[in-house]
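What follows is a short report on a single structure.
The values are calculated or read from the model by the stated rules, or taken from the named source; none is laboratory data. This one's a predicted model, so the numbers in the text were calculated from it and none came from an experiment. In this analysis, Cβ positions are derived from the backbone assuming ideal geometry, glycine residues included, and neighbour counts consider all displayed protein chains. Only protein heavy atoms, including side chains, enter the accessible area calculation; ligands, DNA and RNA are left aside. Shrake-Rupley method; radii C 1.70, N 1.55, O 1.52, S 1.80 Å.
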Amino acid sequence: MDKLFKSQRDVAKEEIQGIAWENLESIDQLHSLIKNSKIKTKVIFKHSTRCGISRMALNSFERNYEKKDQEVTYYLLDLIQYRDVSNAIASELNVTHQSPQVIVLKDGLVIHTESHHGIDIKKIQQLIK
């Protein structure tokens, strides 16, 4: 019924996105996902809700996402609201803070990081095949 009141563009966009985002909201959750990256690859997208470039990068990431049979969990971090988690990522994973930013974790280690216009979901999906 919701689709009845949405534009065709909005409906198409929802169908394309398909990423089952999990919100990253605490340092304890960060520790857990780092540990669990030894079992299943984790992708963190750090998003600034106040930045137009971040919104464009997130939209491109979602638009170009292809659902595949990959064992990956995607996390979305609102770094304005959860700045402490973003700071913990920088210090604990030894990754320079940037926004927007994508960090890929596997076996407890950062295997890829990219920011701004360099964020490319297709490159990430190739990497984690």
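Please compute the Kirkwood hydrodynamic radius of region 38-99 from all pairs of different C-alpha atoms, in Å with one decimal. List each step's numbers first, then the result.
Details: mean 1/r = 0.0777 Å⁻¹.
In region 38-99 this quantity evaluates to 12.9 Å.
Between 0 and 90 degrees, rounded to the nearest ten: what's the tilt of helix 8-17 against the longest Cα principal axis of the chain?
Taking Cα atoms only, the helix is inclined about 30 degrees.
For a quick protection proxy, order the peptides 60-67, 72-79 by their average other-Cβ count within 10 Å, most packed first.
Working: 60-67: 14.8, 72-79: 19.8.
Peptide ranking by packing, descending: 72-79, 60-67.
Antiparallel versus total DSSP beta bridges in region 41-120: what percent is that, nearest 5? Before the final figure, lay out each step's value.
Details: 11 of 18 bridges.
In region 41-120, DSSP labels about 60 percent of beta bridges as antiparallel.
How much of the pair distance distribution for the chain lies past 20 Å, counting alpha-carbon pairs only, in percent? List each step's numbers first, then the result.
On the way: 3620 of 8256 pairs.
Across the chain, Cα pairs with separations above 20 Å total 44 percent.
Quick one: angle between helix 52-63 and the longest Cα principal axis of the chain, in degrees between 0 and 90, rounded to 10, please.
70 degrees
Skipping prolines and chain starts, which residues have an amide H placed within reach, meaning under 5 Å, of the one on Ile111, given they are 5 or more residues away or on another chain?
Those qualifying (amide H under 5 Å, at least 5 residues apart or on another chain) are Val104, Leu105, Lys106.
If you line up the long axis of helix 27-36 against the longest principal axis of the chain, both from Cα atoms, how many degrees apart are they, to the nearest 10?
90 degrees
So for Ile111, Ile89, Ile39, Ile19, what's the accessible-area order with a 1.4 Å probe, most first? Spell out each step's value before the answer.
Numbers: Ile111 75, Ile89 0, Ile39 145, Ile19 20 Å².
I get Ile39, Ile111, Ile19, Ile89, largest accessible area first.
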